[in-house]
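Take a look at the structure below.
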Amino acid sequence: MPLAKRANSKTNGKHIKSEDSSDDDNVPLAKKVKLEKKPTKKRPAPKVENSSDDEKPLAKVRKDIKKVPKVKAEDEKKVVKKQTEKVEEDEAEAQYKWWEQGNDDDGSTKWNELEHNGVLFPPAYEPHGIKMKYDGKPISLSPEAEEVASFFAALIETDHGKNPVFQKNFFADWQEILKKDDKNPKITDFEKCDFRPMFEHFELEKERKKQLTKAEKQEEKTKVEEPYLYAIVDGRKEKVGNFRIEPPGLFRGRGDHPKTGRLKHRVMPEQVTLNLGENAPIPKPLPGHKWGGVVHIHEATWLASWKENINGTIKYVFLAATSSWKGQSDMQKFEKARELKKHVNRIRKDYRQQLNDKLMETRQRATAMYLIDVLALRAGNEKGDDEADTVGCCSLRYEHVTLEPPNTLVFDFLGKDSIRYHNSVTVDPQVFKNIKIFKKQVGPDNMIFDRLTTMSLNKHLGSYMKGLTAKVFRTYNASHTFQEQLDKLTRESDSVHDKLLSYNRANREVAILCNHQRSVSKNHGQMIAKIEDKIRAMKYQRKRLRRQIIQLDPKMKKSKMEEMQAESDLEDEWIEEHQKDLLVKEREKITTKFEKNNEKLVSEGQAALPEKELKEKLKAVDEMEKEMKKEKQTGKIELKPNASIDKLLAQITKLDERIKATKNQALDKEEGKETALSTSKLNYIDPRISALWCKKHNVPVEKVFSKTLRDKFQWAMEVDDDWKF
DNA sequence: GGATCTACTTAGAAAGAGAAGG
DNA sequence: CCTTCTCTTTCTAAGTAGATCC
């Protein structure tokens, strides 16, 4: 598959041929263009660190550390001292209220003394001995081969397990493992493998686990994990986030990832580097093992790191989201986005003007900025060909944008996580013109912004405001949109319930802007059908009520006719079905109640009630059935003795409301079926907007933030009333 | 000045827990 | 009370972006 290519020689040294002559003619091209095609990125084969028996890696890491720029010693000391004093004063109070201590003048973060207990390693693999089949016959596998087979077996019913690339990659890696022990059978054909016995074993295990009570599940876990949950950071006790090292398994790459299904190795202590305070005790590795290294990088927040074997990327153990380091940087992120408010008008004015700049590079940059600002696209770093082919703004290719004159652009590409971005947008005519020109210049398969990189774009943005990058626009526009929508939708007179509806609507606007999706749940259709049935049932009730009114006072007929008409979706067939259903359900209800009662009586040593009793009870339903038949024949409904028009009307009003509410619920579910609100809430919307809104409108915060979110956003909970995003 | 490395945030899937419905 | 549906939490992949290397 051809990777994104930068400009080829076709465009080199030429002038932009304007698509329409009314456009500024002959825009000179930017100086020279790099001619080389993007070289295929070939990552050097990851050095296999075999550190178990020599000191090299450790020494190596130590050397590296010397290169880490030293934080000015004074600053460092100052902070340490300040925080230590505070801790001594009142440890509990100081623990989480870092935001009241004020920030450092230069806004930088300094990480100080760090001690922690350690990183939890999983125990080695324990074979289960369940025999899978090959060519129809049960086979025995070495423990290692059994483990890898189990990884796959657990997934055979999932999309991953059915994905041919996943299967191929798994099979190749599994064969390598099989070869390691010559007692393993020769397995050469994936098609002949039957993993089902193992799969079923795991399903059973799952069931068994489910049966355990809450307490049983908790107890063992908490006991083992207890020592690993917290780290002491600058004297504060902070929660550790992902303290469990990632267990071995099959790499579950998203989208068309060429490496999906490959075996992810078990990580051993020798591969792990710890980052902690110079004076902190070094936690003990597994018996018989040693750590890959111990470092003291004060300006990093990670506690431990290791290199993962699939893509050669570094994985980290960080503090939890509730920690001060994470909270601090979260707050800084939103403060930066708020600072953009002061500059955004100028920036917008500039890029609009530069949309027809003579310099190609500038014009591309302006166009990209427009897209990032208006559509909240991601920056779009370039990717290698050993990853899924996904793009962002700067890496958009020819085929990702189509032109619909006069000025509509249709975007259709796979973004982060291979989530489809499909959007038809009417844009500024000059943006349309530009895309048309760029596309013509670069040709199919090539990147539209061939003179632009995320680096150059961010460098430019940085000239407007310190620390401004493409991603700040997403944060800014998300929070801004949320505040705007929330203000627009919230009615002071609304109930808490309705206010929450508005809150979620505003949230959804943001999620749509950011294209946050979720897969439609398997039984969504079923669920909607159920709700629709419920609505119909209520309509049927309402229809009967109206009939009764007419029976009571035939003069009402005329005025009610129109409304009756509106219920045309209540077909006779459906009504009949519905009535039958009602009867069946009623009978079931009575029967199960009767049986349960009998079981109870028997267990208490009493005699069960005779079958006759049940028949007696069921007679009431027979009665109902008769009445329904009669109703159908005569078209008359048996009126209750105390029926009155007023009462019936009141019932109708109530039903109307319920129908409306249920309809809303259905609409809400349908609209939200593929939009995930959580991501924007967690990462893009300044939590202070929510905190203030709750306060102002008397909505309890726990209605909008779950426990974890409240903990994460603790820094944002107390805001001045006049604060605005 | 691009490629690579590193460190961090952002993302949806999957697992788990809790609430609602029968 | 048990099952089913829904919301929350956990997990780790996949981005962004700065620093460093060459």
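So with the 1.4 Å probe, I'd like the accessible area per residue for the range A:604-701, rounded to whole Å².
67 Å²
Could you state the accessible area per residue of the range A:133-211 in Å², with a 1.4 Å probe and every protein chain left in place?
61 Å²
Counting only protein heavy atoms and a 1.4 Å probe, tell me what percentage of the range A:422-481's accessible area is made up of carbon and sulfur.
Numbers: 1300 of 2270 Å².
Carbon and sulfur together cover 57 percent of it.
How much length is gained if the chain between residue A:265 and residue A:165 is pulled fully straight, taking 0.36 nm per residue apart and subtracting their Cα-Cα distance, in nm to one decimal?
Roughly 34.1 nm would be gained on extension.
Could you tell me the ratio Rg/Rh of the range A:157-267? Both radii from Cα atoms, Rh via Kirkwood.
With Rh from the inverse mean 1/r over Cα pairs, Rg/Rh is 1.09.
Rounded to the nearest 0.05, what FRET efficiency do residue A:339 and residue A:244 have when you use their Cβ-Cβ distance and R0 = 41 Å?
According to the calculation, E is roughly 0.65.
Among A:347-357, A:689-699, A:609-619, how do they line up from the highest to the lowest mean number of other beta-carbon atoms within 10 Å?
A:689-699, A:347-357, A:609-619
So for the range A:280-436, considering every pair of alpha-carbon atoms, how many percent are separated by more than 26 Å? It would help to have the intermediate numbers written out before the result.
Numbers: 6335 of 12246 pairs.
It works out to 52 percent of all Cα pairs.
Expected output is a single nm value to one decimal: the length gained when fully extending between residue A:387 and residue A:575, i.e. 0.36 nm times separation in residues minus the C-alpha distance. What is it?
On the way: separation 188, 0.36 × 188 = 67.68 nm, distance 5.55 nm.
Using 0.36 nm per residue and subtracting the Cα-Cα distance, I get 62.1 nm.
Please give the length that would be gained between residue A:629 and residue A:140 if that part of the chain were fully extended, namely 0.36 nm times their separation in residues minus their C-alpha to C-alpha distance (nm, one decimal).
On the way: separation 489, 0.36 × 489 = 176.04 nm, distance 6.70 nm.
Contour length minus the Cα-Cα distance gives 169.3 nm.
What does the C-alpha gyration tensor say about the overall shape of the range A:258-337? Classify as rounded when a/c is under 1.5, otherwise prolate if a/b is larger than b/c, or oblate.
Oblate.
How would you order A:238-250, A:527-539 from highest to lowest mean count of nearby Cβ atoms within 10 Å?
Highest mean packing first, the order is A:238-250, A:527-539.
As a quick test, which of the pairs A:206/A:522; A:436/A:459; A:326/A:522; A:237/A:712 have an alpha carbon distance above 24 angstrom in this structure?
A:436/A:459; A:326/A:522
Using alpha-carbon positions, what is the distance between the centroids of the range A:297-362 and the range A:418-468, in Å?
First find each Cα centre; the distance between them is then 19 Å.
Take peptides A:404-410, A:449-455 and line them up by average Cβ neighbours within 10 Å, highest first, as a rough protection proxy. Please report the intermediate quantities before stating the final value.
On the way: A:404-410: 12.7, A:449-455: 21.6.
Answer by packing, highest mean first, reads A:449-455, A:404-410.
Normalized C-alpha radius of gyration of the range A:133-211, against 2.2 N^0.38 Å?
Values: Rg = 12.8 Å, N = 79, 2.2 N^0.38 = 11.6 Å.
The range A:133-211 yields a ratio of 1.10.
The values are calculated or read from the model by the stated rules, or taken from the named source; none is laboratory data. All of these numbers come straight from a predicted model, not from anything done at the bench. Positions of Cβ are generated from backbone atoms using ideal geometry, with glycine treated the same way; all protein chains shown enter the neighbour counts. Accessible surface areas use protein heavy atoms only, side chains included; no ligands, DNA or RNA. Shrake-Rupley method; radii C 1.70, N 1.55, O 1.52, S 1.80 Å.
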